[in-house]
Structure formats: C-alpha cells, structure tokens
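To keep things clear, I will list the structure first and then write my remarks on it.
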Ligand SMILES: Cc1cc2nc3c(=O)[nH]c(=O)nc-3n(C[C@H](O)[C@H](O)[C@H](O)COP(=O)(O)OP(=O)(O)OC[C@H]3O[C@@H](n4cnc5c(N)ncnc54)[C@H](O)[C@@H]3O)c2cc1C
C-alpha cells in the first residue's frame, strides 16, 4: 500500500472549467491554500470543443446573453455578439485565467479518481502517485460529461449517437435523421439537421415554450431583467401572453401544446427551429414506442425509416468520484444551498444546479461564498458553527412559486433571481 501524502491544511479543488477557475480565484483571494486538479490539458471545461467528451458542437452559442453571463468583475467584452459562440466563451474563460494567473493553481492531465472521508479530512486518489490527505475538497466537475441514454425498446440498424458525440452537421449530411429530445441541444441539432439532412425530424415527449432570443430587439434575459421585479405568479401569465403574441399558436407547425406552464421546465431559447418547421425543412414526431431494424415506431403508431438517431437526452449529474451514499447522482438533497454537504463540512460542491439564466454569475457567488465559508471554518470556530447551524435547516424556496415539473432534468433546478438574491444576502453577512 502506498504511503499517504499529507497535505495538511490544504484543500483539494477538482475541475478547471468556469466553476473551478472562479473557485481558484476566490480561494486564493480569501487565503485558503489548495491544490487544483484538472483531467484535461487546459482550462475551459465544456467550452473547449476539442476536449475529449466535451458536449460542445460547432453551432453551439450561448443561450444566455453576454450582458448577463459574465463573472461579476470580469464582464464579457462589449465587442462580443449578444449570444457568443462556444469558441468566444472559451476565449473569455482563458482571458479570465490569464488575468488572475489561475493556470498555475492546477495540475493538468490529472483526474481525481476517488475521494473518501477520513474523519474530517479527505483522502484523494489521482491514480499514479500516493493518495493525498486534504483538509477538504471543493468539486467543480460539471454536469454535462456523462450521457444519459433512454431505454428504447427494440433494435435499430442505423447509426445512433448521443448529442455529446455530435460535433458538426457533416455527421448528418444526406442522411435521414431523427433527433430525440427537444432540450436546447436537441433543438440546435435539429436546426443543423434541417439544413443538411435528406430528411430531418425531431421526436418530443411533450410540447415546450419556445422563447425567442430577442424580444423587442433586446436579448430575452436583458428584456426580462429590465422591467420592475414581479412576483412569479404575476410574471408568468404576462410572459405566456407575450410568447403567444410573438409565436402564435405553435400547433400550426405540428408542435404539441405544452403540458405545463412556462418555467415549469427549462425554457427553450430557440426560434430558429420554428423557422425550420415553418419552411418544411423539419418535421415533428411524438415519443418513440420502439425501434425495429431500419424503422422507428412512434407512439401514434406511425412507422418511418431513418438511418441516424441523435439522442439529445441529457446528462447524469453528480460527482462520480464520491460514493453514492455521500452524494447520489441527480440528487441535491444532501446539499445545503446546492453547495455545502450537510454532514461533511469538508465537502463543497460547485455548479450542481440548472437555472433559467447565465450560470457564471451564479458560480461566482457560489465560489466566493464557498471560499469565505472555508476561511471561517479554518479561522473562526464560533462563526463557522453559527454558519453551519444557519445552513442546517431546509433551504429557502428557490422556485419563485413555480411548481417545477417532476422530471429528472429539473432535479437540481433553481430560479436564478431568488437563488442569487439569497446567496448575496448570506455573503453580505459573511463579509462583515
Ligand atoms: C450545450 C450547452 C450549452 C450551454 N449553454 C450555456 C449558456 O448559454 N449559458 C450558461 O451560463 N451556461 C450554459 N451551459 C451550462 C454550462 O454547464 C456552464 O456554462 C459551465 O460550463 C459550467 O461550468 P462548470 O465549471 O461547473 O463545469 P464544466 O464546464 O463541465 O467544467 C468541469 C471541469 O471539471 C473537469 N473534471 C471533471 N471531472 C474531473 C475529475 N474527476 N478530475 C479532474 N477534473 C475533472 C472537467 O474536465 C472540466 O474541465 C451550457 C451547457 C451545455 C452542455
């Protein structure tokens, strides 16, 4: 058995995507010593399309606007378009890393394989060398690296790929393509397919609300943020009526009517798909009943031949190197504020949320809060104990009164406004 390398008071930080970078910046600023590990060769997380396993594809653009998507003290450049493409997002993240000298905080090409609690400390194994003992662990491993595959009955003869394996429309050119799932990636890929495939269709289980990327000439999130802050119960009917005015009744395009109110599932920021449907370049199909050789049978009993299925069926979220009894996949119930493990004070989980706005400003708040909480744990036992007591109860309501649809993709969902407001409030107290 190899000896354990004791890293004393140091914390272990895992991941150098947006969350890990921002955590490195704040841990350093607040004075928490740490070692960072990133399995890829550089910083950037999912936004580097060349990283193996990245869910990125050539046509992917931000769905949150550059105006509301930057870190608090590092806005996205004004020269960026309203919705930057993935390569601009990556450039922005690398600028952030350069500005704060963050690369030197990470050991690249090194994956954390397992981490287990040993009393208050954590034993971290990165393969290769000896396990290391840390005072605690901050994970920022992202949510979109493990494909979630649907259990489809039957057998399909053609090519099947998950959206994480999709990079370029060339993969679809001249083929009969069925995209399965109408999340944001699924809709983007369906739009790509509509341009190059011999025949393109999208299969969806339910109808959705399609939010245009611009409303009255402004990015949708900027538009929504510009009015007076309305309670959810008032904002929802107003927004639904506005969408009805802008999009009309989408059943005319073959889309099913939504079986839920707006914001009860993650909104789809895409109207290019409506344009493709209106031009007949794309067809809508219901859920798949079964596969049969070259054929797909749908729940309305229709049967069609395809040669490529793209499964845009989402991802399994969680921290794979923790034991499931510490943190189970797709489950945030063990975390206070989606961040702090309720039983292990030395375990902090960043980025374990899905939301209706830009993720980076929220990550920024999570990271500062994590760094200040860890600093209090290290230096001020009384303050740390009162903080833990405050976190021990149930979380405040982060839904704005919306009853999120009880589907897996909504498991870790927070409405960005109340979540940001609450994290900012806790931070204000901590800064004093
Ligand atoms: C198609 C798509 C579009 C999106 N669009 C938007 C958008 O418009 N706006 C927005 O705000 N968000 C968007 N997101 C959400 C996206 O998750 C966030 O923008 C952001 O990337 C989350 O950052 P992160 O650091 O938590 O995770 P990631 O970007 O996934 O980074 C995690 C890092 O951890 C590393 N890692 C993982 N496991 C280990 C390990 N065991 N050991 C060492 N390193 C490890 C990974 O290699 C990776 O570099 C989108 C996501 C997808 C998939």
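Read the figures in this text as sums done on the coordinates, not as results from a lab. Computed from a prediction, not measured in an experiment: that's the story for all the values here. Backbone-built Cβ (ideal geometry, glycine too); neighbour counts: all protein chains shown.
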- Which order do the peptides 126-134, 251-259 take when ranked by the mean count of other beta-carbon atoms within 10 Å per residue, highest first? 126-134, 251-259
- Between residue 99 and residue 240, what length comes free when the chain is fully extended (0.36 nm per residue of separation minus the Cα-Cα distance, one decimal in nm)? 46.6 nm
- Report, to the nearest 10°, how far helix 381-392 tilts away from the longest principal axis of the Cα atoms in the chain, using its own Cα long axis and a range of 0 to 90°. 30 degrees
- Item | residue 3 paired with residue 301, simple spin-label distance in nm, labels 7 Å along Cα-to-beta-carbon | 7.5 nm
- Give, as ranges by residue number, the residues of segment 382-403 whose backbone N falls under 19 Å from the point 7 Å along Cα→Cβ of residue 421. 394-403
- Among beta bridges that DSSP assigns inside the chain, antiparallel share in %, nearest 5: 35 percent
- With a ≥ b ≥ c from the Cα gyration tensor eigenvalues, square-rooted, and the rule rounded for a/c under 1.5, otherwise prolate when a/b > b/c and oblate otherwise, segment 24-180 is oblate
- Message: Cβ neighbours within 10 Å, averaged per peptide: list 359-368, 311-320, 103-112 in order, most packed at the top.
- Response: 359-368, 311-320, 103-112
- Take the Cβ-Cβ distance between residue 382 and residue 29 as r, set R0 to 22 Å, and report the resulting FRET efficiency rounded to the nearest 0.05. 0.40
- What is the calculated FRET efficiency for residue 111 to residue 292, with r their C-beta to C-beta distance and R₀ = 41 Å, to the nearest 0.05? 0.55
- Message: How tilted is helix 18-30 with respect to the longest principal axis of the chain? Cα atoms for both, answer in degrees (0 to 90, nearest 10).
- Response: 20 degrees
- Message: Considering only C-alpha atoms, what is the centroid distance from segment 47-121 to segment 303-344, in Å?
- Response: 20 Å
- Item | Gyration tensor over alpha-carbon atoms, the chain, equivalent ellipsoid semi-axes in Å | 38, 25, 20
- Query: Over segment 49-169, what relative contact order in percent results from Cα pairs under 8 Å that are six or more residues apart?
  - Reply: 26 percent
- Computed Rg/Rh of segment 125-216, alpha carbon atoms with Kirkwood Rh: 1.15
- Rounded to one decimal in nm, the spacing of the 7 Å Cα→Cβ label points at residue 214 and residue 184 is 1.9 nm
- Query: Using the alpha-carbon atoms, what tilt in degrees (0 to 90, nearest 10) does helix 232-247 show relative to the longest principal axis of the chain?
  - Reply: 40 degrees
- Query: Taking a temperature of 37 °C and a viscosity of 0.692 mPa s, what whole-number D in µm²/s does Stokes-Einstein yield for segment 1-92 with Rh from Kirkwood over alpha carbon pairs?
  - Reply: 217 µm²/s
- Would you mind putting 96-102, 332-338, 413-419 in packing order, based on average other-beta-carbon counts within 10 Å, highest first? 413-419, 332-338, 96-102
- Taking only the C-alpha atoms, wrap a convex hull around segment 117-161 and report its volume per residue in Å³ as a whole number. 161 Å³
- Message: Could you tell me the calculated FRET efficiency between residue 407 and residue 120, based on Cβ-Cβ distance and R0 = 35 angstrom, to the nearest 0.05?
- Response: 0.40
- Query: With the chain treated as a Gaussian network of Cα nodes joined by springs under 10 Å, which of 346, 165, 280 yields the largest mean-square fluctuation?
  - Reply: 280
- For segment 202-273, calculate the relative contact order in percent as a whole number, restricting contacts to Cα pairs under 8 Å that are 6 or more residues apart. 59 percent
- Message: Give me the percent relative contact order of the chain, please, defined on Cα pairs under 8 angstrom at least 6 residues apart.
- Response: 20 percent
- Residue-span extension gain [residue 257 to residue 198] - 0.36 nm each, minus C-alpha spacing: 18.5 nm
- Between residue 316 and residue 395, with labels modelled 7 Å along Cα→Cβ, what's the label distance in nm to one decimal, could you check? 2.1 nm
- Starting from the Kirkwood radius over alpha-carbon pairs of segment 351-420, derive D by Stokes-Einstein at 25 °C in a medium of 0.890 mPa s and give it in µm² s⁻¹. 178 µm²/s
